[in-house]
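J.: Structure in structure tokens, see below.
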């Protein structure tokens, strides 16, 4: 098969880390990659020196990608190429169990993360017949399962347990502010080492509060690549975010604060006063909890080989070779496509 062109279509800064493992695989196979940044919530300052950005839809269509890879929910139909949905996280239950499986009729193929998403999407594929499904694992996690020689968040001489505090940003599901007094108090003790990282959309006021309590035991981290943080920590504390699942897939414990899911592989607590003793419990996890984590991982993301990017690219190439003629045409989605045309200032037919 001739070398393929891949367009990375992103609208959030965290999408860079999601797509770069796939980019490496594409380039290793002799393919070419270019980037298109949609909207005001993504910045080109995170582009690497050798990454090429296309600035307009006209440039994108002139280049003519074979595939458009999207770690998001929507992509315009008027952009050329086979549209591939890659997800921007796991089904964490934040917006209800069905939000992860909402079909917006934008994609020709979904690359699913594991059996518990594949099974649902296969049923939806049978129902709609407008897309195909391939289980590949989530490519963003490839580096998570790859040994790293130097991790900036690991301190060789510091043997204390490392706790990673994360939080989502929405007022309804974020408890970073509520946990602040407890974290401030616990971080004054030298017993643990704390790393704090929040969603990029977190309230600036909350971010500044946590930055203000940094000391020799607590470091606030701003980054577009959370993988080194996940690798460096022994335990995560979080409210409701798919990053909890990413951490859990390392077979490490997660304390879920006021989390509304029924995921019994998390250690659930609802009172900040219980956090101290629960940390001790989590760092000495029972065999029963570890077995639950194992089972959950096998259903959610059973791939720890670091080869999900390879599976994504192979699935794309196979789809191109076999053709998409068996996929039914998608509905016109006139309202959504008009909104996207207006947003991208593109009116050509």
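The values are calculated or read from the model by the stated rules, or taken from the named source; none is laboratory data. This structure is a prediction, so every number in the text was calculated from the model and none was measured. Glycine gets a Cβ as well: all are built from the backbone with ideal geometry, and neighbour counts include every protein chain shown.
J.: Could you check residue 57 against (1) touching a helix residue (DSSP H, G or I) at 6+ places or on another chain (Cβ under 7 Å); (2) at pLDDT below 95; (3) under 23 Å from residue 331 (Cα atoms) and say which number it fails?
T.: (2)
J.: I'd like the full set of residues that are within 21 Å of residue 122 (Cα to Cα) and either out of contact with any strand residue (DSSP E or B) (no Cβ under 9 Å at 6 or more places or on another chain) or not assigned by TED's automatic domain parsing to the domain that holds residue 105 (or both), limited to the stretch 323-335.
T.: Listed by number, the residues that qualify are 323, 325, 328, 329, 330, 331.
J.: On to the next question. Given the structure, is residue 67 surrounded by fewer than 22 Cβ atoms within 10 Å (Cβ to Cβ) and in contact (Cβ under 8 Å) with a residue 40 or more places away in the chain?
T.: Working: surrounded by fewer than 22 Cβ atoms within 10 Å (Cβ to Cβ): no; in contact (Cβ under 8 Å) with a residue 40 or more places away in the chain: yes.
Taking the combined requirement at face value, the residue does not satisfy it.
J.: For the stretch 282-313, how many residues are in contact with a strand residue (DSSP E or B) (Cβ under 9 Å, 6 or more places away or on another chain) and over 14 Å from residue 245 (Cβ atoms)?
T.: Selection size over the stretch 282-313: 8.
J.: For the stretch 118-140, give me the residue count where each residue is touching a residue at least 24 places away in the same chain (Cβ under 8 Å), under 18 Å from residue 83 (Cβ atoms) and assigned to a helix (DSSP H, G or I).
T.: Matching residues across the stretch 118-140 total 2.
J.: Of all residues being touching a residue at least 40 places away in the same chain (Cβ under 8 Å), surrounded by fewer than 15 Cβ atoms within 10 Å (Cβ to Cβ) and under 23 Å from residue 222 (Cβ atoms) in the stretch 141-160, which is farthest from the chain's Cα centre (by Cα)? Just the residue, please.
T.: Per the stated criteria, the residue is 154.
J.: Does any residue of the stretch 34-50 turn out to be surrounded by 23 or more Cβ atoms within 10 Å (Cβ to Cβ), within 19 Å of residue 110 (Cα to Cα), within 19 Å of the chain's Cα centre (by Cα) and modelled with pLDDT of 95 or more?
T.: Among the residues of the stretch 34-50, not one is surrounded by 23 or more Cβ atoms within 10 Å (Cβ to Cβ), within 19 Å of residue 110 (Cα to Cα), within 19 Å of the chain's Cα centre (by Cα) and modelled with pLDDT of 95 or more, which makes the answer no.
J.: Kindly indicate whether any position in the stretch 180-193 is surrounded by fewer than 17 Cβ atoms within 10 Å (Cβ to Cβ), touching a strand residue (DSSP E or B) at 6+ places or on another chain (Cβ under 9 Å) and in contact (Cβ under 8 Å) with a residue 12 or more places away in the chain.
T.: Yes, there is a match, as at least one residue in the stretch 180-193 is surrounded by fewer than 17 Cβ atoms within 10 Å (Cβ to Cβ), touching a strand residue (DSSP E or B) at 6+ places or on another chain (Cβ under 9 Å) and in contact (Cβ under 8 Å) with a residue 12 or more places away in the chain.
J.: Name the single residue that is nearest to residue 128 (Cα to Cα) among those in the stretch 305-327 being at pLDDT 95 or above and assigned to a loop (DSSP other than H, G, I, E, B).
T.: 307
Yes/no matrix, rows are residues, columns are (1) closer than 20 Å to residue 141 by Cα; (2) buried (at least 19 other Cβ atoms within 10 Å of the Cβ); (3) more than 16 Å from the chain's Cα centre (by Cα); (4) outside the structural domain of residue 180 (by TED's automatic domain parsing):
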{"position": "220", "(1), (2), (3), (4)": "no, no, yes, no"}
{"position": "234", "(1), (2), (3), (4)": "yes, no, yes, no"}
{"position": "243", "(1), (2), (3), (4)": "yes, yes, no, no"}
{"position": "251", "(1), (2), (3), (4)": "yes, no, yes, no"}
{"position": "255", "(1), (2), (3), (4)": "no, yes, yes, no"}
{"position": "271", "(1), (2), (3), (4)": "no, no, yes, no"}
{"position": "280", "(1), (2), (3), (4)": "no, no, yes, no"}
{"position": "293", "(1), (2), (3), (4)": "yes, yes, yes, no"}
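J.: Hey, can you tell me all the residues within the stretch 141-161 that are out of contact with any helix residue (DSSP H, G or I) (no Cβ under 7 Å at 6 or more places or on another chain) and part of a helix (DSSP H, G or I)? Please lay out each step first, then the result.
T.: Step one: filter the stretch 141-161 for residues out of contact with any helix residue (DSSP H, G or I) (no Cβ under 7 Å at 6 or more places or on another chain), giving 145-147, 149-150, 155-160.
The answer is 145, and nothing else.
J.: Tell me, which helices (runs of 4 or more DSSP H) lie completely within the stretch 162-241 with 1 or more residues that are on the phi > 0 side of the Ramachandran plot?
T.: none
J.: Okay, moving on. Residue 61 - would you say it is out of contact with any strand residue (DSSP E or B) (no Cβ under 6 Å at 6 or more places or on another chain), assigned to a loop (DSSP other than H, G, I, E, B) and in the same structural domain as residue 332 (by TED's automatic domain parsing)?
T.: In short, no.
J.: Further question: Just checking, which of 205, 239 is surrounded by 14 or more Cβ atoms within 10 Å (Cβ to Cβ) and over 23 Å from residue 146 (Cα atoms)?
T.: Matching residue, one of 205, 239: 239.
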